[in-house]
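Structure first, commentary second.
The values are calculated or read from the model by the stated rules, or taken from the named source; none is laboratory data. Not measured: the values here are computed from a predicted model. So basically every Cβ, Gly included, is an ideal-geometry build from the backbone, and we count neighbours across all protein chains shown.
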């Protein structure tokens with residue numbers, strides 16, 4: 001189950017010292033916030049984007065429906081108060097290998113393409129987050145194409 005809001009906020013901050021094992025809840029929140037940021041980049045957030053984020057969180061972390069909904073709610077609150085992406089991307093960089101980060105980027109692209117269109121702001125958020133995750137450009141483009149094809153977007 002998810003811990004208190006304060007504990008999760010504290011856990012998202014970059015590690016202060018030593019190579020401690022990443023906290024699973026903080027990692028889940030970091031990934032959820034990045035998915036939410038892509039969803040928020042769209043001027044109109046619809047049910048399709050929300051369902052896509054929920055599906056991505058369920059796929060990535062195998063959470064129950066209730067846990068996934070709670071994580072999304074917490075991620076939305078956290079995203080509204082966040083000032084940058086670095087704390088979230090650094091947590092993911094510390095915990096995920098390149099394959100897992102690429103899968104995360106592909107899930108984010110799915111959120112961006114969920115409504116069938118890609119706005120300039122969604123594209124910018126994706127570029128910025130992918131850069132912070134140290135995703136090679138070719139892999140970034142491949143993930144984008146896979147997500148676009150899965151969404152059936154032109």
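Can you name every residue in the range 56-74 that is surrounded by fewer than 15 Cβ atoms within 10 Å (Cβ to Cβ), without any contact (Cβ under 8 Å) to a residue 12 or more places away in the chain and part of a helix (DSSP H, G or I)?
Within the range 56-74, 65, 66, 73 qualify.
From the residues in the range 1-55 that are part of a loop (DSSP other than H, G, I, E, B) and closer than 13 Å to residue 71 by Cβ, which one is modelled with the highest pLDDT?
Quick first cut of the range 1-55, residues part of a loop (DSSP other than H, G, I, E, B) only: 1-4, 13-23, 41-46.
Okay, now just the ones that are also closer than 13 Å to residue 71 by Cβ, so 1-3.
Values: 1: 44, 2: 44, 3: 50.
Checking each candidate, the answer is 3.
Hey, which of the helices (runs of 4 or more DSSP H) in the range 75-138, taking only ones fully inside, have at least 2 residues that are in contact with a helix residue (DSSP H, G or I) (Cβ under 6 Å, 6 or more places away or on another chain) and within 18 Å of residue 23 (Cβ to Cβ)?
Correct list: 86-95.
Could you please find all residues in the range 111-128 being under 13 Å from residue 36 (Cα atoms) and either without any contact (Cβ under 8 Å) to a residue 12 or more places away in the chain or surrounded by fewer than 23 Cβ atoms within 10 Å (Cβ to Cβ) (or both)?
Matches in the range 111-128: 125 only.
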